[in-house]
Amino acid sequence: MSQAPDDADARRAVKPVICYPTETLPVPDMALYAAARAGAEKVAEILVPAREAASFRVGAGQFFRITCVDGPQVGDLNLWNAHDLSERFYSGKTRALHGTHLSTGDRMWSSFPYLRPMATIIADTLEWYGADPYGGRVHDVIGTRCDPYTGNLLAGTQYHHCCHSNLTRALADDLGSSLAEAEPLVHDVLNVFMCTGFTRETGQYFMKASPVRPGDYLEFFAEIDLLGALSACPGGDCSSEHSSDKAACYPLMVEVFTPAPGALAGWQSPPPNGYDRSHGRRAVS
Ligand SMILES: [Zn+2]
């Protein structure tokens, strides 16, 4: 145990400041999105089987909805720029901007050097959950994705239906590439429907049974052309364990909707970040 200074209590009492005040973030026009969604038509439907993943494509200006269909199930979502897979969802920066869990009005931001909104959440039927007495909330950007390497590290297992492997197979199938090519493109996820937090005493990442019920959904507006992949986590509702076939698992549904022509008048797909990338040396021409 380290030696506390005399003014330890005073130091602990210093008030925190928000790292990234978001007042200057570009504000999504939620009213425009809602109006466009109201007149939108369904154009695709993808069923993600239990303990598997599936890919899907959503054009800029389209909507996609992830629905719990048969039973409580958590989903691990990856997003890429459909034309440049080096631009992918950046979980850490999204967390720094919006907090540990996402809901309506929050955005999924892309990796450097792009750092722009990839998708905006426009509806969340689990918004009622808020924060529970344990500090648990829904739809986290703190977990990574369940993977076979951590299972092997902790328990010596060889389990092949973790979200990381499911996403790797789904992406390889979509691209017609090898697993070795696809795997490095898989990244930390948005944990759709997952209920998580950190324990107050030890700061450890915890999960608990998701409050999701069949019919619940999370819906997004695609800000750029997207390739997505969604894994129906082997943890099921994540009430007990993942990285095995023990939990009850269910499929998830992805639906894509196209707005009526002209419904997004005035909206523009966001450009990549405006930083000049000179990093303190001569400007890039
Ligand atoms: Zn998982």
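Observations on the model:
- In the set Arg137, Arg200, only one residue is among the basic types (Lys, Arg), touching a Ser or Thr at 6+ places or on another chain (Cβ under 9 Å) and more than 22 Å from Asp84 (Cα to Cα); that residue is Arg137.
- Candidates are the residues of region 61-78 that are of a type in the set (A, V, I, L, M, F, W, C), assigned to a strand (DSSP E or B) and within 16 Å of the ligand (Cβ to nearest atom); the one that is surrounded by the fewest Cβ atoms within 10 Å (Cβ to Cβ) is Ile66.
- Single match in Ser240, Ser231 (criterion: within 19 Å of Arg51 (Cα to Cα), under 16 Å from the mean Cα position of the chain (by Cα) and within 15 Å of the ligand (Cβ to nearest atom)): Ser231
- Condition check for Val58 on (1) β-branched (Val, Ile, Thr); (2) open to solvent by 70 Å² or more (accessible area, probe 1.4 Å); (3) at pLDDT 95 or above: one failure, at (2).
- Within region 256-275, the set of residues being open to solvent by less than 30 Å² (accessible area, probe 1.4 Å) and not in a loop (DSSP other than H, G, I, E, B) comprises Val256, Phe257.
The values are calculated or read from the model by the stated rules, or taken from the named source; none is laboratory data. Predicted, not measured: the structure shown is a model, and the values here were computed from it. Cβ: placed from backbone, ideal geometry, glycine included. Neighbour counts: every protein chain shown. Accessible surface is based on the protein model in full, side chains and every heavy atom, while ligands, DNA and RNA are left aside. Shrake-Rupley method; radii C 1.70, N 1.55, O 1.52, S 1.80 Å.
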